[in-house]
Number of protein chains: 2
Amino acid sequence: MDSVEVPEVVVLRLPLYVRALSQLMSESAEVVSSQQLGSLLQMTPAQIRKDLSYFGRFGKQGRGYNVRFLLNELQEILGLDREWRACLVGVGRLGRAIINYPGFHRDNFRIVAAFDGDQSQVGNKIGAFDVQPMSELSETVCDKKITIGIVAVPAQQAQNVINELVENNIKGILNYAPVAANVPMNIVIRNIDPVLSLQSMTFYLRHLT
Amino acid sequence: MDSVEVPEVVVLRLPLYVRALSQLMSESAEVVSSQQLGSLLQMTPAQIRKDLSYFGRFGKQGRGYNVRFLLNELQEILGLDREWRACLVGVGRLGRAIINYPGFHRDNFRIVAAFDGDQSQVGNKIGAFDVQPMSELSETVCDKKITIGIVAVPAQQAQNVINELVENNIKGILNYAPVAANVPMNIVIRNIDPVLSLQSMTFYLRHLT
DNA sequence: ATCTGTGAAATGATTCACAGCC
DNA sequence: GGCTGTGAATCATTTCACAGAT
């Protein structure tokens, strides 16, 4: 219940459980043990049980967890039982790819507006909607009940864009720009940075060939 | 030196240091303290010093770290002092976006081949090269000295594709498919999954509106 | 017999705090 | 005065191991 004392690492793992449970649902599994879930996700059963125990007692001793029930509970805990609306900032190649990526939509994250600081992009049609100028951010965020901003601008502009988003009432930021952006403590930011992933990977590969 | 006992969290942070140092270089900074680096990256100076101490003594007491020198050392530690070649598997929308993403190339990661299991994609031109059938994987990996595989296929096919990559001598995998893939212990895998990021974000946002 | 939920123990990561050097 | 490098202390996370439920 008291989300303040749930370790962040635990929260980061909950979506993995949601995904595994969704898969089990689609396979018509009715019950799953922490053991099975663990081997599906390559984690120890103890960790799964401990993680879940932060939020309640969802299992039955001797049996395991009801798949549908646990999935529902976790979705509610994560706030996934509703639609989330996001705006995209930056409609270059990356931004366009993000808009067209069907994965967000499938999981109830809807991109409902697109902005760009570049005048030459403004007014262009991208998918279903027009690219808007940043000056319309405030109004659109309010009108369309947007809570999440997706940042797909060049590194140099990212911090400014993020500042603008925060000033205009955006609460969560998914940042694709390769920068360690600064945000106020009450804002949640997540960075997507494949180059960083590769650069830590090569540490382990460097002695090959 | 002995990379086995460097904690993985530390390795994951090194690329952040590399990036910050690159930026400092471009601003012609010559020296930087753990303090300054920390405020740039929002980390404690102690953590930075401790992280670096796993690999050597790079700083000068009373002064700090020479930017160029530290950058070079870290790049060498991470194996970034050479080019890494990767192949892409899956040339759908996501795959095409990945090929066109200039960020990899800028940091010396080169995508040098593209594959797709779908016959109708094979032979199409994507950027500079032809889409190849999976049957040519083995030969191409060998000929072009590819060590990294980038997976951009639908979730359902991902594990199979990853298995094929591993069987064909790929040592590192950057996986964009939303699955918890299984790989042998000697293979390094990194997952890029923006939906997971959003789903853990909403935990903190769920009580808004 | 099987599996959860959970305190306690063990392990791991971060931060402190200071000696030593510039 | 300022800063690094690092043991020691603190704090966080994972794993163990078992009582209790089915």
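What follows draws every value from the coordinates through simple rules; no lab data is involved. Since the model is a prediction, treat every value here as computed from it, not as a measurement. As a convention, Cβ positions derive from the backbone with ideal geometry for all residues, glycine included, and neighbour counts pool all protein chains shown.
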Inter-copy label distances at A:E83 (7 Å, Cα→Cβ; nm, one decimal): 4.8
Per-residue ³J(HN,Hα) for region B:162-170, Karplus 6.51 cos²θ - 1.76 cosθ + 1.60, θ = phi - 60°, Hz, x for Gly and Pro: 4, 4, 4, 4, 4, 4, 9, 5, 6
Part-to-part distance (alpha-carbon centres) for region B:29-53 and region A:1-43, which is given in Å: 36 Å
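By its C-alpha gyration tensor, with a ≥ b ≥ c as the square roots of the eigenvalues, how is the protein assembly as shown shaped: rounded for a/c under 1.5, else prolate for a/b larger than b/c, else oblate?
Numbers: a/c = 1.18, a/b = 1.10, b/c = 1.08.
It comes out rounded by the Cα gyration axes.
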Selected from B:V183, B:V151, B:V89 as most flexible by GNM, with chain B as the system and alpha-carbon contacts under 10 Å: B:V183
Contact order normalised by residue count of chain A, Cα under 8 Å, 6+ apart, percent: 13 percent
Those chymotrypsin sites (Phe, Trp or Tyr not before Pro) in region A:132-207 that DSSP places in a loop and that have at most 13 other beta carbons within 10 Å: none
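Please give me, ordered by residue number, the GluC sites (Glu not before Pro) of region A:64-172 that lie in loop per DSSP and have at most 12 other Cβ atoms within 10 Å.
On the way: sites: A:E73, A:E76, A:E83, A:E136, A:E139, A:E164, A:E167; in loops: A:E83.
When the GluC sites (Glu not before Pro) of region A:64-172 are filtered for loop state and at most 12 Cβ neighbours within 10 Å, A:E83 remain.
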On Cα atoms only, tilt of B:194-205 relative to the major axis of chain B in degrees: 50 degrees
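For region B:3-77, what's the relative contact order in percent, using C-alpha pairs closer than 8 Å and at least 6 residues apart? Write down the numbers at each step before the final one.
Details: 58 pairs, mean separation 28.6, N = 75.
Worked out over region B:3-77, it gives 38 percent.
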Positive-end extreme of charge dipole, region B:75-142 - chosen from B:W84, B:I98, B:T140 (charges on Cβ): B:I98
Distances in nm from A:G117 to the matching label points in the other copies, shortest first (labels 7 Å along Cα to Cβ): 4.2
Nearest-first distances (nm) between copies at B:S39, label 7 Å from Cα via Cβ: 5.4
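Once you have a ≥ b ≥ c as the square roots of the Cα gyration tensor eigenvalues for chain A, tell me rounded if a/c is under 1.5, and otherwise prolate or oblate according to whether a/b is larger than b/c. Don't jump to the answer; show the numbers that get you there.
Working: a/c = 2.13, a/b = 1.66, b/c = 1.29.
Because a/c hits 1.5 or more and a/b exceeds b/c, chain A counts as prolate.
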Region A:135-209 and region B:67-114: distance between their alpha carbon centers, rounded to Å: 20 Å
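Based only on other Cβ atoms within 10 Å, what is the fewest-to-most ordering of B:R106, A:R85?
Numbers: B:R106 10, A:R85 16.
Ascending Cβ contact count within 10 Å gives the list B:R106, A:R85.
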Ranked list, fewest to most other Cβ atoms within 10 Å of each Cβ, for B:L198, B:L80, A:L12: A:L12, B:L80, B:L198
Links that overshoot a 31 Å alpha carbon limit, given the list A:K125/A:K145; A:K60/A:K171; A:K50/A:K145; B:K60/B:K171; B:K125/B:K145: A:K60/A:K171; A:K50/A:K145; B:K60/B:K171
Placed amide H near A:I173: partners under 5 Å, 5+ positions off or other chain: A:G149, A:V188, A:I189, A:R190
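In the neighborhood of B:E30, defined by Cβ-to-Cβ distances under 15 Å, what is the net charge if each Lys or Arg adds +1 and each Asp or Glu adds -1? Before the final figure, lay out each step's value.
Values: positive: B:K60, B:R63, B:R68; negative: B:E27.
Net charge around B:E30: +2.
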Neighbourhood net charge (14 Å Cβ-Cβ; Lys/Arg +1, Asp/Glu -1) for B:A180: +2
Selected from A:L78, A:L196, A:L174 as most flexible by GNM, with chain A as the system and alpha-carbon contacts under 10 Å: A:L196
Identity and axial distance of the chain B residue whose Cβ lies nearest the axis relating B to A, Å: B:A97, 2
CD proxy at 222 nm, helix term only [per DSSP H run n ≥ 4: -39500 (n - 2.57); per residue of chain B; nearest 500]: -13000 deg cm²/dmol
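What is the order of A:K125, A:K171, B:K144, fewest Cβ neighbours within 10 Å to most? It would help to have the intermediate numbers written out before the result.
Working: A:K125 9, A:K171 19, B:K144 13.
Neighbour counts put them in this order, fewest first: A:K125, B:K144, A:K171.
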Residue with peak Gaussian network fluctuation, chain B [Cα springs, cutoff 10 Å], from B:Q47, B:Q159, B:Q199: B:Q199
